[in-house]
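Data block below; observations after.
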Ligand SMILES: N[C@@H](CCC(=O)N[C@@H](CS)C(=O)NCC(=O)O)C(=O)O
């Protein structure tokens, strides 16, 4: 029985899990969920993930995993090599800190449903964009010195970690929202390193079966 990932090509949380799956060398079936059409809120998908959010990873044995960072931690525990967390406890804590700055303190404020809620409250398109830029900038300001201190090519050290699984999709999102990345050279450099890695290339939004490229 194989793995099935419920994903959306441009969404950052499923992108994190795709990176993890490719880093671990695991194959999986891909089920696209159209977030624009609202498929994530339909009963068929809510039966998979009652939260109505992507990703979900169906293990093929009756178990379905949700929450991207928890899925990545599960991948690490069940497929330890190649490791995406350092062996040293302090280093592991640092990597998780970097990942959670993104997963807890940037992304939830900028999620699609937050944008929709702001629209409903009458927030203009420009203010909505400024809101997205503000929270990504705040997070990147905190992450930049960490990447300077701990990065050795990747965001933490010389090999991809959980931090890169979260950072690279967040940089993709920043570019999508046309945020100027000039203030964060270390983040840009870690992003370039990762984008040259085959696992990150395979996980890239443009390579997904539901990608809409214009
Ligand atoms: N904390 C969750 C966040 C999941 C999430 O927000 N997914 C977004 C895509 S990045 C989604 O499916 N949004 C649908 C919506 O907002 O309606 C995780 O890391 O898995």
Per-residue Cβ contact counts at 10 Å, fewest first, order 24, 207, 87 as 87, 207, 24
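Arranged by the count of other C-beta atoms within 10 angstrom, fewest first, what order do 133, 197, 107 take?
133, 197, 107
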As a percent rounded to 5, the proportion of antiparallel DSSP bridges among beta bridges in the stretch 1-131 is 55 percent
Label 7 Å along Cα→Cβ of residue 59; the stretch 1-29 residues with amide nitrogen under 14 Å?
-> 1-4
Cα-based radius of gyration of the chain once divided by 2.2 N^0.38 Å, which approximates compact folds = 0.99
Between the stretch 1-71 and the stretch 86-155, the alpha-carbon center distance in angstrom | 21 Å
Provide the FRET efficiency to the nearest 0.05 for the residue 93-residue 114 pair, computing r from the beta carbons and using R0 = 41 Å.
-> 0.90
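Read-outs: derived from the displayed coordinates by stated rules, not from any lab. All values derive from a computational prediction rather than experimental measurement. Please note: Cβ atoms are built from the backbone with ideal geometry, for glycine as well, and neighbour counts cover all protein chains shown.
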